[in-house]
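Shown next, in structure tokens, is the structure this report addresses.
The values are calculated or read from the model by the stated rules, or taken from the named source; none is laboratory data. None of these values were measured; they are calculated from a predicted model. Here the Cβ positions follow ideal geometry from the backbone for every residue, glycine too, while neighbour counts run over all protein chains shown. Areas reflect the complete protein model, heavy atoms only, side chains present, ligands, DNA and RNA absent. Shrake-Rupley method; radii C 1.70, N 1.55, O 1.52, S 1.80 Å.
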Amino acid sequence: MSERQQFTGRRAFIFAAIGSAVGLGNIWRFPYVAYEGGGGAFIVPYLVALMTAGIPLLFMYYAIGHRFRGSAPLSWRRLGGGAESIGWWQVGISFVIAVYYAVIIAWAVRYIGFSATEAWGEEPGAFLIGQFLQQAEGDAGFDVGLSLVPGVAIPLALIWVFALLVHWRGIQGGIARISMIFIPLLVAIFLVLVVRALTLPGAIDGLDALFTPDWSALTDADVWVAAYGQIFFSLSIGFGIMITYSAHLKRKTNLTGSGLTVAFSNSGFELLAGIGVFATLGFMAQASGVAVGDVADAGIGLAFVAFPTIISTMPGGAFFGVLFFTALVLAGITSLVSIVEVVLTAIEDKFGLSRNASVFGVGGAMAIVSLLLFPTTTGLNLLDVLDAFANNFGIVGAGLASVITLAWGLRRLGVLGDHLNEVSSFKVGLLWKLMVGLVTPLILGFMFVSQVISRIQDGYGEMPSGYVALYGWGSAIGLLVIAVILTLIPWRKGVVAAHDTGQGSTPQPGKEA
Amino acid sequence: MGISAVIMMIVALVLVWGGLVAAVVHLSHHPEEVEAYDIDDDGRPDAPPST
């Protein structure tokens, strides 16, 4: 067993898991979802979702990886033959998300530099789409081409070089090490941003908009679904990351105690981000003479259009901008490496590849796909449609398949619960089984079915239906087909059986043969 | 900032950050078990004392 293929302790694991969970969504998704979902009243469905789905699912995935000691496909295979497909589905989703997620980090890298000179001028939206991303207009934007935009491709290549070096250094020497540096740095930067934002005129109006409770929102089913969705996406559950990471933990590791720390760190950070983002939006609203609701936004629009506008208006905006986009890069990279690791460990397990071969062969292939498809004049629409389908069908679908298979198909929740209690301080029991076996299948099932109906009836945004069919539905269904094909490929002799159920030393992922 | 907004901000901070503090305190009360003899605490097993 290679030493660098195991976390040296739970502290390293906790930082790596927080690094995975805290990503772009904490900064640019949570604040808007909370604002839209009843403001201060949103804390109720949010905490209910955290307790009834987020934390129980986190424990479940930790238990799978730690008990069955493998990558997502290998752990699922050891749970029960056909369940391996769920693991490959998670690997496929991770592949797709990694190749476009890296691109957004590359944008953020460029925006650190743009902040220093406020390069976007008077029109940050037009600058982003036209001058920086050089997106083709009209129908041409839906012809996927290979016309590279060097201003995006070069930082993207550097991001991939950095990520692959981290993977080459391994789970402990690479991923855990950068997480233990980047996460405290990220929190420190965000604290500076929040303090600065709170001293801006109008900041209080922003906080008022974020926290004034609209209790009627609690009777709206959509708000509850949004809260579960936020918890589900934010905690990075469903990707196979937590299975992969916990498989690299020592036998006697406090899984539930660590999981609680990871879950509340993730929520604590997004609450901090919410305060920072809305204090800043309050300033923008006051400077423009409009209501906070008129400037509130999420995602790319918030980070790459609204924030540049604010940075240009604010005294000392350049410094604020450099810090904000540095925070995005730090949060993004620790999440990116966790997603890529799912793919690398899985391929190592199944095909017996060495670390070097998987990092530079498989990781290199991911980098090439990422570089060919996204830093192009047609990359933005492709990123948008893949993101929507990978999240709403991929992650939600794989999460749903996981809980139904475990609780109702294989009926192995008892085994996993016993394992958690054997190694952990915070014990789980009937309540945990009810949450995983009943509550989460219902919630995820509702989210999945309503998304399918909505996409079939309404399409996706303004995109041509043929484009959505090919790249949206095509990618979603394609991942399932690939998952089944990879499951049908036989394992190398002895790999599936080679895990010890006792307390002794056990083979590690990627080192089974 | 309205009184209801102030109250809900405090409630959210206390519950979420309080939860984080409680989780960290809980973890600190259950120190990591050392699997092997590890005198220099570097996570790698060391040779046990000869006496």
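Residues A:130, A:145, A:92: which one is without any contact (Cβ under 8 Å) to a residue 60 or more places away in the chain and within 18 Å of residue A:374 (Cα to Cα)? Break it down into steps so the answer makes sense when it comes.
Details: A:145 fails: without any contact (Cβ under 8 Å) to a residue 60 or more places away in the chain; A:92 fails: without any contact (Cβ under 8 Å) to a residue 60 or more places away in the chain.
Going through A:130, A:145, A:92 in turn, just one is without any contact (Cβ under 8 Å) to a residue 60 or more places away in the chain and within 18 Å of residue A:374 (Cα to Cα): A:130.
I need the full set of residues from the range A:303-329 which are open to solvent by 10 Å² or more (accessible area, probe 1.4 Å) and in contact with a Ser or Thr (Cβ under 7 Å, 6 or more places away or on another chain), in order please.
Within the range A:303-329, A:318, A:322 meet the criteria.
Just to be sure, is residue A:259 within 13 Å of chain B (Cβ to nearest Cβ), over 23 Å from residue A:36 (Cα atoms) and assigned to a helix (DSSP H, G or I)?
yes
Output the residues belonging to the range B:21-51 that are at pLDDT 65 or above, within 8 Å of chain A (Cβ to nearest Cβ) and either assigned to a loop (DSSP other than H, G, I, E, B) or open to solvent by less than 50 Å² (accessible area, probe 1.4 Å) (or both).
Residues satisfying the conditions are B:23, B:26, B:27, B:29, B:30, B:32, B:33, B:42.
Which one is farthest from the chain's Cα centre (by Cα), of the residues in the range B:7-20 that are more than 7 Å from chain A (Cβ to nearest Cβ) and open to solvent by 50 Å² or more (accessible area, probe 1.4 Å)?
Filtering first and then ranking leaves B:7.
Taking the criterion of being of a type in the set (S, T, N, Q) and within 14 Å of chain B (Cβ to nearest Cβ), would at least one residue in the range A:223-238 satisfy it?
Initially, the range A:223-238 is screened for residues of a type in the set (S, T, N, Q), giving A:230, A:234, A:236.
Going one step further and asking which of them are within 14 Å of chain B (Cβ to nearest Cβ), we end up with A:230, A:234.
Yes, some residue in the range A:223-238 is of a type in the set (S, T, N, Q) and within 14 Å of chain B (Cβ to nearest Cβ).
Restricting to the range A:180-214, name every residue that is of a type in the set (A, V, I, L, M), facing chain B (nearest Cβ under 9 Å) and more than 28 Å from the chain's Cα centre (by Cα).
A:204
Yes/no per residue for (1) modelled with pLDDT under 95; (2) within 21 Å of residue A:233 (Cβ to Cβ); (3) aliphatic (A, V, I, L, M):
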position: A:49; (1), (2), (3): yes, yes, yes
position: A:60; (1), (2), (3): no, yes, yes
position: A:76; (1), (2), (3): no, no, no
position: A:102; (1), (2), (3): no, yes, yes
position: A:111; (1), (2), (3): no, no, no
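Small (Gly, Ala, Ser), at pLDDT 95 or above, open to solvent by 20 Å² or more (accessible area, probe 1.4 Å) and in a helix (DSSP H, G or I): does that describe residue A:226? Steps first, answer last, please.
Details: small (Gly, Ala, Ser): yes; at pLDDT 95 or above: no; open to solvent by 20 Å² or more (accessible area, probe 1.4 Å): yes; in a helix (DSSP H, G or I): yes.
Judged against the criteria, residue A:226 is not a match.
Of the residues that sit in the range A:19-38 and are within 13 Å of chain B (Cβ to nearest Cβ) and open to solvent by 10 Å² or more (accessible area, probe 1.4 Å), which one is farthest from residue B:7 (Cα to Cα)?
The residue in question is A:30.
Scan the range A:420-431 for residues that are in a helix (DSSP H, G or I) and crowded, with 21+ Cβ neighbours inside 10 Å and report the count. Show your work before the answer.
The first filter runs over the range A:420-431 and keeps only residues in a helix (DSSP H, G or I), leaving A:420-423, A:430-431.
Checking which are crowded, with 21+ Cβ neighbours inside 10 Å leaves us with A:420, A:423.
Residues in the range A:420-431 being in a helix (DSSP H, G or I) and crowded, with 21+ Cβ neighbours inside 10 Å: 2 in total.
Would the range A:165-175 turn up any residue that is of a type outside the set (Lys, Arg), at pLDDT 95 or above, open to solvent by less than 20 Å² (accessible area, probe 1.4 Å) and under 22 Å from residue A:238 (Cα atoms)?
Within the range A:165-175, one or more residues are of a type outside the set (Lys, Arg), at pLDDT 95 or above, open to solvent by less than 20 Å² (accessible area, probe 1.4 Å) and under 22 Å from residue A:238 (Cα atoms).
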